[in-house]
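Everything on this sheet refers to the single structure shown next.
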Amino acid sequence: MSTAADVGPGTTIPSLELVVDPEKMKVMTALLADPNPIHFDTRALAALGMDERPVNQGPLNMGYLQTMLARWAGGRDRLLSFRVRFQGNVLAGDRVRAQGQVVEVRETERGRVATCEISLEVVGGAVALSGTADVLLEETG
Amino acid sequence: MSDSGYEDRVGREFPGGEYTLAPWRVWLTADVLLDDPWDEVPHPVLAWMAGVAGSGMSWDDLFAWFDATAEDGPMFGEHHTTLHRPLEAGATYQVSGRVVSVVRKVGRRAGTMDVVGYELDLHLAGADGREHVARCYNSIVFPRRRA
């Protein structure tokens with residue numbers, strides 16, 4: 001990112017775009033030990049009368065936003081607080097875009113912290129998650 | 001808003017337990033997110049994953065506290081993670097958790113629903129005692145079609 005000193009209200013965080021891969025969702029199902037078939041079983045989805053594309057796990061959707069923030073701030077150890085509201089589903093094969101903008105920068109005991117508005121949207125579709133996050137821009141010496 | 005009949009669940013503690021951020025979990029979690037699996041700092045989403053896995057409860061157990069099942073279609077509502085310090089690969093976290101709120105709401109389209117909030121804490125045992133590493137708050141929305 002540009003130097004921490006350059007960051008202020010209105011700074012745009014470089015967005016992150018990716019296509020949701022159903023094979024990754026199967027691995028996440030195992031990591032989460034989540035038996036819900038809507039994340040991997042297309043036949044079960046059809047039986048439920050749903051779109052046959054599996055539904056992405058909420059933690060994956062959250063994780064895309066956290067990845068965007070970490071890359072911008074300079075590391076995964078920079079995320080201090082993360083708050084989102086779940087507003088819609090993301091389906092296998094969807095292209096999603098994680099995006100954000102700084103709304104406030106302040107000095108704290110830990111250092112210079114940026115509060116950001118963030119959202120994950122399906123490209124050409126609806127917002128799936130929106131919220132705010134605090135990231136550490138510069139640690140107190 | 002009205003009483004849900006489940007207000008007495010507020011304050012109920014989860015059994016709790018432990019969760020180790022085994023290097024293979026750290027690697028695979030980054031990989032499923034299309035992030036760098038060789039980064040030494042675990043992905044922050046693992047705070048929530050560790051909390052859930054170490055809570056001592058299955059989803060079905062939690063749903064049953066509110067007389068619901070997966071077939072009722074419970075949904076994620078909100079999520080909030082606070083990280084007091086970064087996660088560490090290989091570390092074993094002590095997990096505790098509790099129900100913190102139950103609110104009945106009636107939506108014009110969605111109908112009656114109970115919104116249950118719970119929080120999960122990760123602590124690390126160290127020379128200086130138990131260090132609070134993270135707190136994750138999550139809410140689950142239970143549709144109450146028969147209410």
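Quick rundown of the values:
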| read-out | value |
| --- | --- |
| Test set (1) crowded, with 19+ Cβ neighbours inside 10 Å; (2) not in a helix (DSSP H, G or I) - residue A:85 fails condition number | (1) |
| Residue B:87 being under 22 Å from residue A:84 (Cα atoms) and either open to solvent by 30 Å² or more (accessible area, probe 1.4 Å) or touching a strand residue (DSSP E or B) at 6+ places or on another chain (Cβ under 6 Å) (or both) | no |
| Selection within the stretch A:105-122 - surrounded by 15 or more Cβ atoms within 10 Å (Cβ to Cβ) and not hydrophobic (A, V, I, L, M, F, W, C) | A:111, A:112, A:115, A:117, A:119, A:121 |
| Test result for residue B:25, within 12 Å of another protein chain (Cβ to nearest Cβ) and either in contact with an Asp or Glu (Cβ under 9 Å, 6 or more places away or on another chain) or surrounded by fewer than 16 Cβ atoms within 10 Å (Cβ to Cβ) (or both) | no |
| Helices (runs of 4 or more DSSP H) completely within the stretch A:1-79 that count 1 or more residues being loosely packed, with under 15 Cβ neighbours inside 10 Å | A:22-32, A:42-47 |
| Test: residue in the stretch B:5-16 that is among the hydrophobic types (A, V, I, L, M, F, W, C), crowded, with 19+ Cβ neighbours inside 10 Å and under 16 Å from residue B:97 (Cα atoms) | yes |
| Complete set of residues in the stretch B:82-92 that are touching a residue at least 60 places away in the same chain (Cβ under 8 Å) and in a loop (DSSP other than H, G, I, E, B) | B:87, B:88, B:89, B:90, B:91 |
| Failed condition for residue A:23, given (1) touching a residue at least 24 places away in the same chain (Cβ under 8 Å); (2) within 10 Å of another protein chain (Cβ to nearest Cβ); (3) farther than 19 Å from residue B:83 by Cβ | (1) |
| Residue in the stretch A:32-39 that is facing chain B (nearest Cβ under 9 Å) and modelled with pLDDT of 90 or more present | yes |
| Enumeration of residues in the stretch A:88-132 that are within 30 Å of residue A:42 (Cβ to Cβ) and either free of Cβ contacts under 8 Å to residues at least 12 places away in the same chain or not in a strand (DSSP E or B) (or both) | A:88, A:89, A:90, A:92, A:93, A:94, A:123, A:124, A:125, A:126 |
| Odd one out for residue A:102 among (1) more than 11 Å from chain B (Cβ to nearest Cβ); (2) surrounded by fewer than 18 Cβ atoms within 10 Å (Cβ to Cβ) | (2) |
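Residue-wise test of (1) within 7 Å of another protein chain (Cβ to nearest Cβ); (2) of a type in the set (Lys, Arg); (3) part of a strand (DSSP E or B); (4) crowded, with 22+ Cβ neighbours inside 10 Å.
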position: B:36; (1), (2), (3), (4): no, no, no, no
position: B:40; (1), (2), (3), (4): no, no, no, no
position: B:43; (1), (2), (3), (4): yes, no, no, yes
position: B:50; (1), (2), (3), (4): no, no, no, yes
position: B:57; (1), (2), (3), (4): no, no, no, no
position: B:60; (1), (2), (3), (4): no, no, no, no
position: B:67; (1), (2), (3), (4): no, no, no, no
position: B:76; (1), (2), (3), (4): yes, no, yes, no
position: B:80; (1), (2), (3), (4): yes, no, yes, no
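Here is a yes/no grid of residues against (1) part of a strand (DSSP E or B); (2) open to solvent by 30 Å² or more (accessible area, probe 1.4 Å):
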site	(1), (2)
B:94	yes, yes
B:101	yes, yes
B:109	no, yes
B:120	yes, no
B:132	yes, yes
B:141	yes, no
B:145	no, yes
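The values are calculated or read from the model by the stated rules, or taken from the named source; none is laboratory data. Nothing here was measured: the structure is a model prediction, and the numbers come from that model. Note: ideal-geometry Cβ built from the backbone for every residue, glycine included; neighbour counts use all protein chains shown. Note: areas computed on protein heavy atoms with side chains; ligands, DNA, RNA excluded. Shrake-Rupley method; radii C 1.70, N 1.55, O 1.52, S 1.80 Å.
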